[in-house]
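Report on one structure; see the data block that follows.
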Amino acid sequence: MARRVSAPPSAASVAPPPMPTGRARAPRLSAAARRQHLLDIASSLVSEHGSERLNMDALARAARVTRPVVYEHFAGREALIVALIDAHAEFLRTRVEAALRDAGTDLESRLRRTVHAYFDCVAERGRGLRALLTASGSSPAIDAARARARRWGAQQWARTVRSHTGISAAEAAAVSGAIVASVWLLSEYWLSGSISRRRAEDMHVRMTVGQLDALRRRRTR
């Protein structure tokens, strides 16, 4: 008996092999949303690896976009780091202002709310913020961004210091700078595990209130 041979399948009935998809692409976003997304990814990279290893290629890979997309939003690595520092500073400013919105005028209450909000920010972004503010390989633009990040806190407290103690504007600026440096140093000890967060916050409040009360007493003698 003759053997029956099936006809070959038509070209239309054969499914083409799947095309390689390669690297998954990032979702399409608006320009503002894309920039924020890149900043978020860059912040994570800095927190994990330090600012020295942050570059445009690493950001493009982590964000799953091409290098030209990164350069559409940031002129280069320096501009990216400046934008990151400014974003961290704005994040901190927003948190502190929200904490002080209904804090009243009592010095200790305002100080406790400010310090608590600051430590909340450190808990969320502390490693990245510390890396950005202390890393080597700076430039005039990065130094200026770092100065802006520190200046806001000092200016915020200078008015309070002056009204509480009666000292001059220049003296109040110096004291407020010391207050900001103190809370930064205590947060470093907390992050290293040397002291608890609660202890660090309380130490800062007690030291600052004591110093400001002492300045006021000397002024009124």
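The values are calculated or read from the model by the stated rules, or taken from the named source; none is laboratory data. Since the structure is predicted, the reported quantities are computational estimates derived from the model, not experimental observations. So basically every Cβ, Gly included, is an ideal-geometry build from the backbone, and we count neighbours across all protein chains shown.
Name the residues in region 164-183 that are more than 17 Å from Val209 (Cα to Cα) and hydrophobic (A, V, I, L, M, F, W, C), would you?
Listed by number, the residues that qualify are Ala169, Ala170.
Among (1) surrounded by fewer than 16 Cβ atoms within 10 Å (Cβ to Cβ); (2) assigned to a helix (DSSP H, G or I); (3) more than 20 Å from the chain's Cα centre (by Cα), there is one condition Ala103 misses while meeting the rest; what is its number?
(2)
Kindly provide the set of residues from region 62-78 that are in a helix (DSSP H, G or I) and surrounded by 15 or more Cβ atoms within 10 Å (Cβ to Cβ), ordered by number.
Residues satisfying the conditions are Ala62, Ala63, Val69, Val70, His73, Arg77, Glu78.
Just name the residue that is nearest to Trp152 (Cα to Cα) out of those in region 88-121 that are in contact (Cβ under 8 Å) with a residue 60 or more places away in the chain and of a type in the set (D, E, K, R).
Arg112
Table: residues versus (1) at pLDDT 90 or above; (2) farther than 20 Å from Arg151 by Cα; (3) touching a helix residue (DSSP H, G or I) at 6+ places or on another chain (Cβ under 8 Å); (4) not basic (Lys, Arg).
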{"site": "Leu54", "(1), (2), (3), (4)": "no, yes, yes, yes"}
{"site": "Asp57", "(1), (2), (3), (4)": "yes, yes, yes, yes"}
{"site": "Ala62", "(1), (2), (3), (4)": "yes, yes, yes, yes"}
{"site": "Thr66", "(1), (2), (3), (4)": "yes, yes, yes, yes"}
{"site": "Phe91", "(1), (2), (3), (4)": "no, no, yes, yes"}
{"site": "Leu100", "(1), (2), (3), (4)": "no, no, yes, yes"}
{"site": "Gly104", "(1), (2), (3), (4)": "no, yes, yes, yes"}
{"site": "Val115", "(1), (2), (3), (4)": "yes, no, yes, yes"}
{"site": "Gly126", "(1), (2), (3), (4)": "no, no, yes, yes"}
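Every residue in region 193-212 that is assigned to a helix (DSSP H, G or I) and either touching a residue at least 24 places away in the same chain (Cβ under 8 Å) or farther than 28 Å from Gly166 by Cα (or both), please.
Arg197, Arg198, Arg199, Ala200, Glu201, His204, Val205, Met207, Thr208, Val209, Gln211, Leu212
With the requirement that a residue be touching a residue at least 40 places away in the same chain (Cβ under 8 Å) and either touching a Phe, Trp or Tyr at 6+ places or on another chain (Cβ under 8 Å) or part of a helix (DSSP H, G or I) (or both), what does region 49-61 give you?
Ser51, Glu52
Go through region 165-177 and give me each residue that's surrounded by fewer than 16 Cβ atoms within 10 Å (Cβ to Cβ) and either in contact (Cβ under 8 Å) with a residue 60 or more places away in the chain or part of a helix (DSSP H, G or I) (or both).
Ala169, Ala170, Ala174
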